[in-house]
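Take a look at the structure set out below.
The values are calculated or read from the model by the stated rules, or taken from the named source; none is laboratory data. A quick note: this is a predicted structure, and the numbers were derived from the prediction, not measured. Here Cβ is always computed from backbone atoms with ideal geometry, including for glycine, and neighbour counts include all displayed protein chains.
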Amino acid sequence: MIMKGEGLARLLFRFAWVVQGLTVAVGVSAQMIHRVEMPPDWETIPDVPGWYWHLVHALKQHTWWITISCFVLASLAGWMKVAVGPPKLWLQVHKLLDQFQARAFPPPSNSNAPPLHHNRVTLFQHRPWIWAFCCWPGTGWMVPIQRSGVATRKTAARFRAPDDAERVEGIAGTVWVRSGTIFVPTLEGQGSKLLPAIKVDAPDSRIDEYAKRTFTSERWIRRRMKRLHNDGCLHRSFCGFPVTVEGKPWGVLVIDSMEGALDPAHISDAFTPYETALSTLLAGR
Amino acid sequence: MTMSDWLKIDPRQVHVPPEVENVHGVEIQVFVSPYDIPKAIRGEYDKRERRFIIDFDYLDQEPLKELPEKHVTRVVGELSGRLRRLKIDVDALNAKTVALQVLQERVLGALDTWAGQEPQVARQHAYAAAKEAIKSTKGKVYEAFTGAR
């Protein structure tokens, strides 16, 4: 199972790789052919096909246009490769999230281990623009890049994170603007109660409370509810913290669980062995 | 220069109280980011310049900028604003006998002052984490200073 858009990203990366290779080859060939001396009677030389000399002649006439075009195309392909990121890197990030998830949520001693998708780790990246049919695609968004486990990875859950901090959405957006770690429910105070259980038939009051405490809209929660089956339930506790790469804010890691409130000390301990690896991987993009 | 080794910081020993915020009627607690907690610190004494230096090591590297002040110079991350290095002018603390306690107070006091000057909670937390990291070494970070004098 791959993340939504991950297949397209892989295809784009390979396409960019091929385009870059071809354009560099054509550009270099054009420069080399430019230096070939054309024989005066090139059109009538026997044993050499006519198209060959016509091609050489055309290349010699348009060498500089071809070279410049190839340079522009190769640069664009290079930019696309960097923007998409190598698929192998995302595979490594996924493995790392899996390891972090396994450490944060060790299977209980009895045999009733919850399914992997009950406790997830999702890496969101902040992007100033998204290619999507939605309102304000250019205002800044938190986009899911990788998620631990094998199920629920084709998520379309993206959250607004515009420059106007008052209009951010979701746990990911809230963590992004605050650059600090947030737990829902909180450890103490008004918000320390576990998030209400949202099942298919959840009453409006619960939906309203859930939406309010997860910084989303009621409409958004109802859309999520449509995907629930039978005894399915939305996640009941969240933790999010910012991810920086070379000192620059890059995105957010969100941990969610259906099982109960998350323990800050345990989550922090679980992440410690992977902190450096994650930053190094993301810096190598 | 007297060099001392890096002292690894246990994040569990770095207690930064969370900031309570109200977001659209919902109370949340904002804790320090794991990226703002120093992974290791070290203290060294530059005999020639008579400066005591404290270095902070974090998860990621970044370009640095120096912010000189009267007696204490700080080097911070250009992008994150995290404290990377502190240079304390020992002579300016006390002309003849500089007690370790004076140095400790000056260091912790400076960190409190800078935290207070930061408008962002995340940056205040980063200074608080640096302070807690120093305290968690239980004075070991100052060993280079006491040993050299």
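Tally the residues that are within 30 Å of B:Val32 (Cβ to Cβ) and either more than 28 Å from the chain's Cα centre (by Cα) or in a loop (DSSP other than H, G, I, E, B) (or both), restricting the search to the stretch A:229-245.
Here the count works out to 3.
For the stretch A:94-130, filtered to residues that are assigned to a loop (DSSP other than H, G, I, E, B) and in contact with a strand residue (DSSP E or B) (Cβ under 7 Å, 6 or more places away or on another chain), the residue that is surrounded by the fewest Cβ atoms within 10 Å (Cβ to Cβ) is A:Ile130. When A:Gly180, A:Gly191, A:Gly170 are screened for being under 30 Å from B:Pro119 (Cβ atoms), buried (at least 17 other Cβ atoms within 10 Å of the Cβ) and out of contact with any Asp or Glu (no Cβ under 8 Å at 6 or more places or on another chain), only A:Gly170 passes.
When the stretch B:18-40 is filtered for residues that are within 11 Å of another protein chain (Cβ to nearest Cβ), out of contact with any Ser or Thr (no Cβ under 7 Å at 6 or more places or on another chain) and without any contact (Cβ under 8 Å) to a residue 40 or more places away in the chain, the ones remaining, listed by number, are B:Pro18, B:Val20, B:Asn22, B:His24, B:Gly25, B:Val26, B:Lys39. Entry remark, the stretch A:194-213: residues being hydroxyl-bearing (Ser, Thr, Tyr) and either surrounded by fewer than 18 Cβ atoms within 10 Å (Cβ to Cβ) or in contact with an Asp or Glu (Cβ under 7 Å, 6 or more places away or on another chain) (or both) number 1 in total. (1) farther than 30 Å from B:Gln61 by Cβ; (2) touching a residue at least 40 places away in the same chain (Cβ under 8 Å); (3) of a type in the set (A, V, I, L, M): which one isn't true of A:Ile182, the others all being true? A:Ile182 satisfies all of (1) farther than 30 Å from B:Gln61 by Cβ; (2) touching a residue at least 40 places away in the same chain (Cβ under 8 Å); (3) of a type in the set (A, V, I, L, M) except (1).
Sub-8 Å Cβ pairs linking a first residue in the stretch B:63-86 that is more than 14 Å from chain A (Cβ to nearest Cβ) to a second residue that is of a type in the set (Lys, Arg) and outside any strand (DSSP E or B), at least 6 apart or interchain, are B:His71/B:Arg106; B:Val72/B:Arg106, ordered by first then second residue. Only residues that are out of contact with any helix residue (DSSP H, G or I) (no Cβ under 7 Å at 6 or more places or on another chain) and assigned to a loop (DSSP other than H, G, I, E, B) were counted in the stretch A:173-188, giving 1. Of all residues in the stretch A:37-56, those that are modelled with pLDDT under 75 have Cβ atoms under 8 Å from Cβ atoms of residues that are small (Gly, Ala, Ser), 6 or more apart or on another chain, in A:Glu43/A:Gly50. Out of all the residues in the stretch B:41-60, is one or more within 14 Å of chain A (Cβ to nearest Cβ) and exposed (fewer than 15 other Cβ atoms within 10 Å of the Cβ)? Looking for residues that are within 14 Å of chain A (Cβ to nearest Cβ) and exposed (fewer than 15 other Cβ atoms within 10 Å of the Cβ), one finds none in the stretch B:41-60, hence no.
Quick check: is even one residue across the stretch B:110-123 in a helix (DSSP H, G or I), surrounded by fewer than 19 Cβ atoms within 10 Å (Cβ to Cβ) and modelled with pLDDT under 90? Yes; the residues of the stretch B:110-123 include at least one that is in a helix (DSSP H, G or I), surrounded by fewer than 19 Cβ atoms within 10 Å (Cβ to Cβ) and modelled with pLDDT under 90.
Scan the stretch A:246-268 and give yes if some residue there is facing chain B (nearest Cβ under 9 Å), over 25 Å from the mean Cα position of the chain (by Cα) and either assigned to a helix (DSSP H, G or I) or within 30 Å of A:Pro107 (Cβ to Cβ) (or both), otherwise no.
yes
Note on the stretch A:189-228: among residues that are charged (D, E, K, R) and part of a loop (DSSP other than H, G, I, E, B), the one that is modelled with the lowest pLDDT is A:Arg227.
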